[in-house]
Amino acid sequence: MLGSKPCFRANSSEIFKTMLIELRGAGVRNLENFHLEPHPKLNIIYGRNAAGKTSLLEAIYFSGTGKSFRTSATQNIISFGDDTLWIKTLIGSCSTGFMDNITITRHRNTKNVFKVNNCTSASISEIARIFPIQAIHPETYQLITGSPVIRRLFLNKGCFYIDETFVKIWKRYNHALKQRNAHLRGKTQPQVLTAIEKELHESGTLIDRVRQNFIAALNNKLSESRKFCPYPKLRLLYQRGWSSSVELAESLYDSRKADIKAGYTSPGPHRADMILQLEGRNVKDFFSRSQLKLASISLLIIQLDIIRDATHKDCVLLIDDLSSELDSLARDHLVNELHDSRHQCFLTSIQNDDVNQSNPANHKMFHVKHGRIIES
């Protein structure tokens, strides 16, 4: 039962296999009140379209991030006719006894409320460090083809875990960026801009340094061949957001006139991007949709591997609509790779035979029918 098991502080430095041990919830979309104890490795969630499979993944994701991977309007996660949802998760390791009990409550017109171990209000950053989680869904290929904003979020998530000071530095930078933009659109005073640009330079250079370390780690792991993404020559080209030949302070000073005219700051890490290349060519220009999805999945799983290396915690991986864009061979290769990754996985599919189940001891299956979740 949630809350009855031994727990430990959220900042514990113990090394253990992080996994979702128990999940309870109510008031989530079309799901009935639910309670499940997942397998530590692979969990297959199957059922007809609109049965509630994705809603279950969304509930897990919401419990660790306070967000949805389906919509920016998080109040829409609450069931129609209800005013509140709550989700309780038990995170940790049964083998060591170290556990964290996380509760998130959301009222339709208020903010999320997180609690750890039933007593302490917690920030989303604290929850994210306890419960590293990643979602892969049919639009995942946009990590490669979509807006640079998506790729910057990907970079920042990795940086958050590999450097504990990153969030503080990022907040410093964004505060100074808002100040500079406000001055650019108002009465500009050169001496004030100089002071603001000094802060932008210092914090922006630190952000760039952490991002470069993360990109280097990604490229190191990309060089390792993966069964489901057989492109060992994939490389990420990092674009930091200003010329590589000058310091950020110089770039900010040189862009003042143009920035005043535009009303916003053009150079800086807030304009960074990354390009996935194969033998020097941007893959979005010639990869098929299936290849783009495989490459995107590869990047996201590599990100989780880097997070595990940095935090000594395995992660929870959610994959919605496994069969989308992938043939049966690619699906089987992906599942085999996930088994070897040590991350706890949750996959949704329409049929219970979409995934090779040659070893029943290595997974659990949950059937979702009309919003009801039944272990099968």
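Quick note: the coordinates plus some simple rules give every number you see, no bench work behind them. The structure presented is a predicted model; accordingly, all values stated were derived computationally and were not measured. Cβ: placed from backbone, ideal geometry, glycine included. Neighbour counts: every protein chain shown.
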ask   = Say each of residue 243 and residue 329 gets a label point 7 Å from the Cα, pointing the same way as Cα to Cβ; how far apart are those two points in nm?
value = 4.9
task = Using DSSP to define loop residues, name the GluC sites (Glu not before Pro) in segment 247-283 whose beta-carbon has at most 10 other beta-carbon atoms within 10 Å.
result = 279
message = Quick check: pseudo-label points 7 Å beyond the Cα along Cα→Cβ at residue 37 and residue 168, how many nm apart are they?
response = 4.1
key: the chain: angle of helix 328-341 to the longest principal axis, Cα-based, in degrees nearest 10   = 80
note = Distance in Å, no decimals, from the C-alpha centre of segment 287-333 to the one of segment 124-163 is 13
task = Pop out the ³J(HN,Hα) list for segment 307-314 in order, Karplus 6.51 cos²θ - 1.76 cosθ + 1.60 with θ = phi - 60°, rounded to Hz; leave Gly and Pro as x.
result = 4, 4, 4, 7, 10, 6, 10, 6
request  = Mind running the shape call on segment 260-353? Use the C-alpha gyration tensor, a ≥ b ≥ c as the square roots of the eigenvalues: rounded below 1.5 for a/c, prolate if a/b tops b/c, oblate otherwise.
outcome  = prolate
key: C-alpha long axis of helix 148-162 to longest principal axis of the chain, angle in °   = 80
task = Take the Cα pairs of segment 145-283, get the Kirkwood Rh, then feed it into Stokes-Einstein at 4 °C and 1.567 mPa s and tell me D in µm²/s.
result = 80
query = Relative to the present Cα-Cα distance, how much length would full extension add between residue 290 and residue 195 at 0.36 nm per residue of separation?
reply = 29.3 nm
message = Quick check for you: which residues of segment 158-175 have the amide N under 11 Å from the point 7 Å beyond the Cα of residue 181 toward its beta carbon?
response = 174-175
Reach of residue 293 by Cα under 22 Å, taken over lysines that are not fewer than 8 positions away in the same chain = 53, 157, 221, 227, 233, 284
Once the Cα gyration tensor of the chain is diagonalised, semi-axes √(5λ) in Å = 37, 26, 19
ask   = Helix 53-65: angle to the longest alpha-carbon principal axis of the chain, degrees 0 to 90, nearest 10?
value = 50
ask   = Given only helices, namely DSSP H runs of n ≥ 4 each adding -39500 (n - 2.57), what is the per-residue ellipticity at 222 nm of the chain, to the nearest 500 deg cm²/dmol?
value = -12500 deg cm²/dmol
request  = Would you mind classifying segment 49-88 by shape? Square roots of the alpha carbon gyration tensor eigenvalues, ordered a ≥ b ≥ c; an a/c under 1.5 is rounded, otherwise it is prolate if a/b is larger than b/c and oblate if not.
outcome  = rounded
ask   = Which shape class applies to segment 29-130: rounded if a/c is under 1.5, otherwise prolate when a/b exceeds b/c and oblate if not, where a ≥ b ≥ c are the square roots of the Cα gyration tensor eigenvalues?
value = oblate
